[in-house]
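What follows is a set of notes on a single structure, which appears directly below.
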Amino acid sequence: MTRQERQKQLMTHILIAAAVLAIAVIVVIVCVRISNRPEKNAESAAVTAEASNTVQPDAAAANPEMAQTETAAENAGAVQTEADAENPGTARAGAAQTETAAAETEEDSPGSLMAEQSLVEKLSVDAKKNLETEKARLEKEEEERKRQEEEEAKKAEVKDRDELSELPVDELVEYLRNKEVPEELIGFMEEYPEAREFVTDYLYQPDPPLSKDISGEVVKGQFPHFLQWDERWGYEDYGGSFFAVAGCGPTAMSVVYSGLTGKTDMNPYKMSQWAEEQGYYIVGEGTSWEMMWSGANSLGLYWWEVDFDENSIRAALDSGCPIIAAMSPGGDFTSFGHFIVMTDIDDEGNITIRDSNSIERTERTWTWDELMWQTAAMWAYNYDDGEYYDDGEYY
């Protein structure tokens, strides 16, 4: 409804209220006039009686029966007069009652008129107050409608990506909450600032969703860097949470599986669906460690647990066997629990990783000492498809 239409509606309500007030006043006036009508009827009756006495002789002559009736009435009157003569007290009492009633009528008439006039005035004042109250109510409703429309318009207004990228974090958080972006994603962005663009892009999700094809990123013997907050699958559900928030386990396994086999049938989201079907997701905890060995067997991978020494890690990585590491809360990687993939090691012992929650942490190397103090467990993997591996190449 436009503002002009609402103003027209407001004026219509006011005119209707004024019409109701006028009708109420007219009804009161009519009622007052009707209440005064008995006095006029009495006067009319007296005039009629005098006229009847004037024409009575002629009517009696013309109608003997009427004459007889009137004679009987006169006789009855004479009898009543005689009775009054015999009982003067009764006659005087009746006369006194008549005079008192007449006096009361004369005394009450001015007061009644004043009371009726006061009632009309009171009704007029009440009607005016009601009209003003109704007008104030309508104006208040109009103000509330405008306020709600402004809030809705503000919520409906979506800033473009460039504007959002320039907002300070606290302003961005408030903006995203006003846009009803899920609190889980906002908290994820606050913990992992690199995911800021992913979280703000929740407002611009394409329809239909992006393709989850990973064929252009998978090469056998190389380990792709899949992000759990990739827009291709980050907004999907995993165990009742967003995949971006809880999908580190399936993402790590997808990196290992895709790099070892060269297959593209188990992208991170497909891996998460499979993990849920197999019961590897634990509500309130995340992906079970059991997926790292039992799940690996089901996927056709060989695995073994890696000892906490540099030689064991080097032996696995130099053989082209990636290592999934479960990281403890409170370190460089997570405040809850996280899985990363170790993919290579150089001559100086610097380890290359794939962190599904960070581009920055993936692009740098890590020393043995930096990683081991925050690592809880490690599993290495291999895949035998009848080919053999030597010096970074499959034959």
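Every number in this text was worked out from the coordinates using simple rules, so none of it is lab data. Only a predicted model underlies this, so the values are computations on that prediction, with no experimental measurement involved. Note: ideal-geometry Cβ built from the backbone for every residue, glycine included; neighbour counts use all protein chains shown.
Which whole-Hz couplings ³J(HN,Hα) result when phi for each residue of region 333-342 is put into the Karplus expression 6.51 cos²θ - 1.76 cosθ + 1.60, θ = phi - 60°, listed in order with x for Gly and Pro?
Each residue's phi maps through the Karplus curve to give 10, 7, 10, 10, x, 7, 10, 10, 10, 8 Hz.
Tell me, 237, 347 in order of fewest to most beta-carbon neighbours within 10 Å?
Fewest to most other Cβ atoms nearby, the residues stand as 347, 237.
Just subtract the alpha-carbon distance of residue 115 and residue 179 from 0.36 nm times their residue separation and send over the number in nm, one decimal.
The span from residue 115 to residue 179 would gain 16.7 nm if fully extended.
What is the distance, in nm, between label points placed 7 Å from the Cα along the Cα-to-Cβ direction at residue 190 and at residue 346?
3.8 nm
Using the beta-carbon distance between residue 132 and residue 197 and R0 = 51 Å, what value does 1/(1 + (r/R0)^6) give for FRET efficiency, to the nearest 0.05?
With R0 = 51 Å, the Cβ-Cβ based efficiency is 0.35.
Around residue 336, with a cut-off of 13 angstrom between Cβ atoms, what is the net charge of the other residues, counting Lys and Arg +1 and Asp and Glu -1?
Here the charged neighbours net out to -3.
Extension gain residue 373-residue 308, at 0.36 nm per residue separation less the Cα-Cα distance, in nm?
Here the answer is 22.4 nm.
I need the shape label for region 237-394. Rule: rounded when a/c is under 1.5, else prolate if a/b > b/c, else oblate, with a, b, c from the alpha carbon gyration tensor. It would help to have the intermediate numbers written out before the result.
Numbers: a/c = 1.76, a/b = 1.15, b/c = 1.53.
Oblate is the answer for region 237-394, as a/c is 1.5 or above yet b/c matches or exceeds a/b.
How long is the gain from residue 18 to residue 273 if the chain were fully straight, where each residue apart is worth 0.36 nm and the alpha carbon distance is subtracted?
So the extension gain works out to 85.0 nm.
Would you tally the net charge around residue 296, using a Cβ to Cβ cut-off of less than 12 Å, leaving residue 296 out, and scoring K and R as +1, D and E as -1?
Neighbourhood net charge equals -2.
What list of ³J(HN,Hα) couplings, whole Hz, do you get for region 203-216 from phi and the Karplus terms 6.51, -1.76, 1.60, once you set θ to phi - 60° and write x for glycine and proline?
Each residue's phi maps through the Karplus curve to give 6, 10, 4, x, 10, x, x, 5, 5, 9, 5, 10, 4, x Hz.
Determine ³J(HN,Hα), in whole Hz, for all residues of region 227-233 in sequence, where each value follows from phi through the Karplus function 6.51 cos²θ - 1.76 cosθ + 1.60 and θ = phi - 60°; x replaces Gly and Pro.
Karplus values, whole Hz, x for Gly and Pro: 9, 5, 9, 4, 5, 5, 9.
Mind sorting 23, 313, 345, 340 by how few other Cβ atoms lie within 10 Å of their own Cβ, fewest first?
23, 345, 313, 340
With an 8 Å Cα cut-off and a minimum separation of 6 or more residues, compute the relative contact order for region 237-394 in percent.
So the answer I get is 23 percent.
Under a Cβ-only charge scheme (Lys and Arg +1, Asp and Glu -1), can you give me the dipole magnitude of region 240-374 about the Cα centre, in debye to the nearest 20?
My answer is approximately 580 debye.
Quote the FRET efficiency, to the nearest 0.05, computed for residue 219 versus residue 162 with a Förster distance R0 of 35 Å and r equal to the Cβ-Cβ distance.
So, using R0 = 35 Å, E works out to roughly 0.50.
Under a crude label model (7 Å from the Cα following the beta-carbon direction), how far is residue 29 from residue 332 in nanometres?
In this crude label model, residue 29 to residue 332 measures out at 9.4 nm.
Check which residues have an amide H placed less than 5 Å from residue 377's amide H, if you skip close sequence neighbours.
The list, which skips near neighbours in sequence, is 326.
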